[in-house]
Amino acid sequence: MSRFSSERLAALDPYVPGEQPRDMKYVKLNTNESPFPPAPAVLQAVAAEAGKLNLYCDPDCTRLRAAAAALYGLAPENILPVNGSDEALYFAFTAFCGSARPMAFADITYGFYPVFAAVTCTPAHILPLREDFSLDPADYCGLHENIVLANPNAPTGMALAPADIEKILLSNPDNVVIVDEAYVDFGGESCVPLIGKYDNLLVVQTFSKSRSLAGARLGFALGNAALIGDLNTVKFSTNPYNVNRMTQAAGMAAIASQDYTLENCRRVAENRAYTARALEDMGFRVLPSKANFLFAAHPAAAGQALYRALKDRGVLVRWFDKPRIRDWLRITIGSREQMDALLAAMKTILNDERSA
Ligand SMILES: *Cc1c(COP(=O)(O)O)cnc(C)c1O
């Protein structure tokens, strides 16, 4: 910290992203990236756009918004493209929260929500998940606070039905309910069809996971035109060119490659079922996941020890040093070869443990 830093900065506990190691080649199952490259059309579109990097990009993302409107069945005014969906969440906290307007969210959920609360001076109202890590929608009904839910949730992978979210929307009519659908393409049900019905619903999606564009940084805020207008006020007050030229081109090409996306999501779901079964056969408890990762715990092995032993064997997974989930690992679903490498390493580790 410098001698110039503000009190607010001193109080911040920033988000810690998953490791992106450079020391050796790992089987990388720690940040929920796609194991598949971007669609071929994306590579072509980005290459074609690179020669125009001397020119500013379209701050309104006009063509990208039109393409996304067709994809989501919305009007362009319901859509704001963002520099990764994290930016949409930050814009929303900035636009709708503040010291007198708390944000409610679960104790076990995306680790960025408490950070956004802190940086926007928003009181965090933390609601514990049930013992089995499911979320009780009744906890959020009639709260009269802004709410953010990841659906499917991270790091559990468990999903709510849109009907449950509808109850939350109806019983908090004067507050914004943000539904973070980062993982919805892997088997969850989207709340996008509810946008026409509820002016307090803001859905956030990302192209980082299902569309293999984590490095391009592209997400979308989707909602009522007035809500999107508020987010635009934040965007044009901070960074009007938030989605760069190559990412806008990549996004349009990814939308046009919908068959490729669907096929990759199908393969992830297949590998997820395969991996869950194999982990259960080794004695793991595995939560029912609708996402591109599994959350698993072994009754005879501590989470941190497993994480370290896997890392020693070149397999990187995510371990969270947090209450309630210290004995759990979040394992990204990759290719079949990556999952076989994980399972083989896990088998060796558990056998060594047993014979020790
Ligand atoms: C990955 C993730 C995001 C952020 O995605 P980006 O679009 O890459 O910023 C948002 N929410 C959740 C729950 C995530 O897991």
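The values are calculated or read from the model by the stated rules, or taken from the named source; none is laboratory data. Small disclaimer: the values here were computed from a predicted structure and weren't measured. Neighbour counts are summed over all protein chains in view; Cβ atoms, including those assigned to glycine, are modelled from backbone coordinates with ideal geometry. Note: areas computed on protein heavy atoms with side chains; ligands, DNA, RNA excluded. Shrake-Rupley method; radii C 1.70, N 1.55, O 1.52, S 1.80 Å.
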Confirm whether A124 is in contact with a helix residue (DSSP H, G or I) (Cβ under 8 Å, 6 or more places away or on another chain) and not aromatic (F, W, Y).
yes
Residues that are open to solvent by 10 Å² or more (accessible area, probe 1.4 Å) and at pLDDT 95 or above, drawn from region 87-100
E87, Y90, T94, A95, F96
Quickly run through region 64-75 and pick out the residues that are more than 18 Å from A253 (Cβ to Cβ) and surrounded by 15 or more Cβ atoms within 10 Å (Cβ to Cβ).
L74
Please report, ordered by residue number, the helices (runs of 4 or more DSSP H) entirely within region 1-108 with at least 2 residues that are without any contact (Cβ under 8 Å) to a residue 40 or more places away in the chain, within 26 Å of M246 (Cβ to Cβ) and within 16 Å of the ligand (Cβ to nearest atom).
none
Is it the case that some residue within region 185-199 is in contact with a strand residue (DSSP E or B) (Cβ under 6 Å, 6 or more places away or on another chain), of a type outside the set (D, E, K, R) and part of a helix (DSSP H, G or I)?
yes
Of all residues in region 321-344, which are without any contact (Cβ under 8 Å) to a residue 60 or more places away in the chain and open to solvent by less than 60 Å² (accessible area, probe 1.4 Å)?
L329, A344
Taking N153, is it open to solvent by 40 Å² or more (accessible area, probe 1.4 Å), within 14 Å of the ligand (Cβ to nearest atom) and in the same structural domain as T206 (by TED's automatic domain parsing)?
no
Scan region 272-316 for residues that are among the basic types (K, R), under 19 Å from S34 (Cβ atoms) and part of a helix (DSSP H, G or I) and report the count.
1
Reported set for region 109-141 where residues are open to solvent by 50 Å² or more (accessible area, probe 1.4 Å), part of a strand (DSSP E or B) and touching a Leu at 6+ places or on another chain (Cβ under 9 Å) is H125
Taking region 204-226 on its own, how many of its residues are open to solvent by 10 Å² or more (accessible area, probe 1.4 Å), within 7 Å of the ligand (Cβ to nearest atom) and touching a helix residue (DSSP H, G or I) at 6+ places or on another chain (Cβ under 8 Å)?
3
How many residues does region 156-180 hold that are touching a Cys at 6+ places or on another chain (Cβ under 7 Å) and either within 16 Å of the ligand (Cβ to nearest atom) or within 27 Å of R318 (Cβ to Cβ) (or both)?
2
Condition test on V243, is it within 16 Å of the ligand (Cβ to nearest atom), closer than 19 Å to F186 by Cα and of a type in the set (V, I, T)?
no
List the pairs whose first member sits in region 225-238 and is closer than 12 Å to Y90 by Cα, whose second member is open to solvent by 30 Å² or more (accessible area, probe 1.4 Å) and not hydroxyl-bearing (S, T, Y), and whose Cβ atoms are under 7 Å apart, counting only residues at least 6 apart or on separate chains?
L231/A95; V234/A95
Among the residues of region 283-302, how many are more than 20 Å from the chain's Cα centre (by Cα) and either exposed (fewer than 15 other Cβ atoms within 10 Å of the Cβ) or closer than 30 Å to Q205 by Cα (or both)?
6
Looking only at residues that are in a loop (DSSP other than H, G, I, E, B) and in contact with a helix residue (DSSP H, G or I) (Cβ under 9 Å, 6 or more places away or on another chain) in region 162-184, which one is surrounded by the fewest Cβ atoms within 10 Å (Cβ to Cβ)?
N175
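Every residue, every condition in (1) modelled with pLDDT under 95; (2) within 18 Å of G215 (Cα to Cα); (3) open to solvent by 60 Å² or more (accessible area, probe 1.4 Å), yes or no:
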site	(1), (2), (3)
N54	no, no, yes
E77	no, no, yes
P81	no, yes, no
S85	no, yes, no
M103	no, no, no
D107	no, no, no
